[in-house]
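Here the structure comes first, spelled out in C-alpha cells, and everything after it is commentary.
The values are calculated or read from the model by the stated rules, or taken from the named source; none is laboratory data. All of these numbers come straight from a predicted model, not from anything done at the bench. Positions of Cβ are backbone-derived with ideal geometry, glycine not excepted, and every protein chain shown enters the neighbour counts.
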Amino acid sequence: MTDRIVSAEVLVGSPTRNYVTLRITTADGIVGLGDATVNGRELSVASYLRDHIAPLLIDTDPSRIEDTWQYLYRGAYWRRGPITMAAIGAVDMALWDILGKRAGLPVYQLLGGRVRDAVPYYSHAFGWDIPALLESVAEHRERGETYIRVQSGVPGLDKVYGVSKDPNYEPAGRGARPSEEHFEPGLYMRNLPKVLGAVRDMVGPDIHLLHDAHHRLTPTQAARLAKSVEEFDLFWLEDVTPAEDQEALRLVRNASVTPLAIGEVFNTIWDCQYLIENRLIDYIRTAIVHAGGISHSRKIYALAEAHGVKAGPHGPSDVSPIALAASIHLAASTHNWGVQEYMGYSELVHEVFPHAWSASDGTLQPGDAPGLGVELNEELLLQHPYEPAYLPTARRFDGSVLDW
Ligand code: KDG
Ligand code: MG
C-alpha cells in the first residue's frame, strides 16, 4: 500500500550557528530530515518551504522522489537559484531518508552500494602567520589527515577569509549587518607562494594541500597565481575567480596545470555544464543542499564523470550534519569522487543532530543506520532560537566592494 506525506515542518534554530531543517512525516509514521540552510539567508528558504512547498507535499507519495523533484523544479516556473534549490534539496534529502528507513537500508545502498571503503575528507588548517599555520598543519597531521586546506593571514590585511583568532573558525558573524573587511589582491598574491612553499617543505610530497582563493581575483591575476604556486603541487586551487564569468577559467587553465575546483555557489547542472564539458575544472564543488539534493547532485557527478572531472563537495559548518550525511552516502557510492570537505561542528551541533556517520583518521563513514542516519533533537534545537548572522562583505582599500 502506498504511504503518503502527512506533514512537512520547517524548524529554524541557532545551535552555535543558524540551521534550517525540514522534517517530513508520513502516514505510516516514517520521518525524513532534510537540510535547507543558506548561510545569511536562512529565513528566505524557510519561508519558501513553509509557504510554498509544504502545502504541495501533503497527501503525496513519498516514494515518488524524482517526480516530486521535477514537480517542484519545473512546476515553479521561477526556478534555479540558491533559495529554490536548497528548498528542493531539503525535500529530496528527506524523501531519500524516508525511502531508506522504509527499506531498512542506508541510503548509499539504495544508490548502488559502496565503491570505496572509506571517504577521504579535507579539513581546514589556518594561521595568521607561517609559524602558526605550520603548527595548525602539524595538528591535522597528528589526527591522521592527509588532505589539508591551508589558509593564512596576509601582512597588511587585518581580516582574511579562512583565518581566525578563534580555534573554531566561523565566517558568519551574528548581528543585524554583515561585518566589513578589506582585501587587496597584490598583497595576497605575493604572500601565498611563500606560505605554500613553507607548508610543502614541512609536509613533504605525499600530503594533499588545498587552498581557497574565495572568488576574488581577475582572470589575469588568477592565471598568474595558479602559475606561481604550480611548483607546490596543490591538490586543488579553489574559486580562483568569481563563478559568473566561466570563460575566465580558460585563461587560468592555459597558464598552468594547477588543478582547479569551483562550484560551491552553483545550484544546478546547467551552472556546471560549460565548465565540465569544456574541461576547465578538475573538481566540481556543488553542495548536496544547494544543488537540489541527492537526485540532482547525482546527475551533476554523472556529467562530470564523462569528462574526467571529480566531485569535491562543499562541507563547511553551514552545511548541516544532515546534508553532510547525504554527501557521505553519495561519496560512498559514486566512483568519480575526489574528496569531501569536512570543517567539523561544535559539540552542540553534534548533540542537536545525533548521527550515524563518523569521522576519523582523515576519512568519513556513512554508518549503517537506515536512511541518512541523522536524528533531530528538537528540544535542544529550539533552546537556541534563530539569530540574524551574515557572512562578511569585502572592500578594496579604495572603498569599492569586492567579492568576499
Ligand atoms: O557560507 C559560505 C561558506 O560556506 C564559505 O565561505 C566556505 O568557501 C567556503 C569553503 O570552501 O568551505
Ligand atoms: Mg570555498
> In region 37-146, which helices (runs of 4 or more DSSP H) lie fully inside it and hold 1 or more residues that are of a type outside the set (Lys, Arg) and under 18 Å from the mean Cα position of the chain (by Cα)?
Replying inline: 42-47, 82-103
> Which is surrounded by fewer than 24 Cβ atoms within 10 Å (Cβ to Cβ) and either free of Cβ contacts under 8 Å to residues at least 60 places away in the same chain or small (Gly, Ala, Ser) (or both), of ILE5, ILE58, ILE65?
Replying inline: ILE58
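Identify the residue in region 271-298 that is outside any helix (DSSP H, G or I) and of a type in the set (A, V, I, L, M, F, W, C) and, among all such residues, is surrounded by the fewest Cβ atoms within 10 Å (Cβ to Cβ).
Filtering region 271-298 for residues outside any helix (DSSP H, G or I) gives 278-292.
Next, only the ones that are of a type in the set (A, V, I, L, M, F, W, C) stay: 280-281, 284, 287-289, 291.
Details: LEU280: 21, ILE281: 26, ILE284: 29, ALA287: 29, ILE288: 33, VAL289: 33, ALA291: 29.
So, considering only residues that are outside any helix (DSSP H, G or I) and of a type in the set (A, V, I, L, M, F, W, C), the one surrounded by the fewest Cβ atoms within 10 Å (Cβ to Cβ) is LEU280.
Report yes if ILE98 is away from ligand 1 (no atom under 16 Å from the Cβ) and surrounded by fewer than 24 Cβ atoms within 10 Å (Cβ to Cβ), otherwise no. Reasoning before the result, please.
On the way: away from ligand 1 (no atom under 16 Å from the Cβ): yes; surrounded by fewer than 24 Cβ atoms within 10 Å (Cβ to Cβ): no.
So ILE98 does not fit the description; no.
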>> Whether any residue in region 116-128 is among the β-branched types (Val, Ile, Thr), under 19 Å from ALA213 (Cβ atoms) and at pLDDT 95 or above is what I want to check.
In response: no
> Out of (1) over 25 Å from TYR19 (Cβ atoms); (2) touching a residue at least 12 places away in the same chain (Cβ under 8 Å), what's the single condition that is false for LEU95?
Replying inline: (1)
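Just to verify a result, which residue in region 205-221, among those that are without any contact (Cβ under 8 Å) to a residue 60 or more places away in the chain and under 22 Å from the mean Cα position of the chain (by Cα), is nearest to ligand 2 (Cβ to nearest atom)?
We begin by selecting, within region 205-221, every residue without any contact (Cβ under 8 Å) to a residue 60 or more places away in the chain; these are 205, 213, 217-221.
In the following step, the residues that additionally are under 22 Å from the mean Cα position of the chain (by Cα) were identified as 213, 217.
Numbers: ALA213: 9, LEU217: 14 Å.
So the residue we want is ALA213.
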> Quick one: in region 309-352, which of the residues that are out of contact with any Lys or Arg (no Cβ under 9 Å at 6 or more places or on another chain) and over 26 Å from GLU378 (Cα atoms) is farthest from ligand 2 (Cβ to nearest atom)?
Replying inline: LYS310
>> Need pairs with beta-carbon distance below 6 Å; first residue closer than 16 Å to ALA359 by Cα and within region 125-146, second surrounded by fewer than 14 Cβ atoms within 10 Å (Cβ to Cβ) and not polar (S, T, N, Q); sequence gap 6+ or separate chains.
In response: GLY144/ASP361
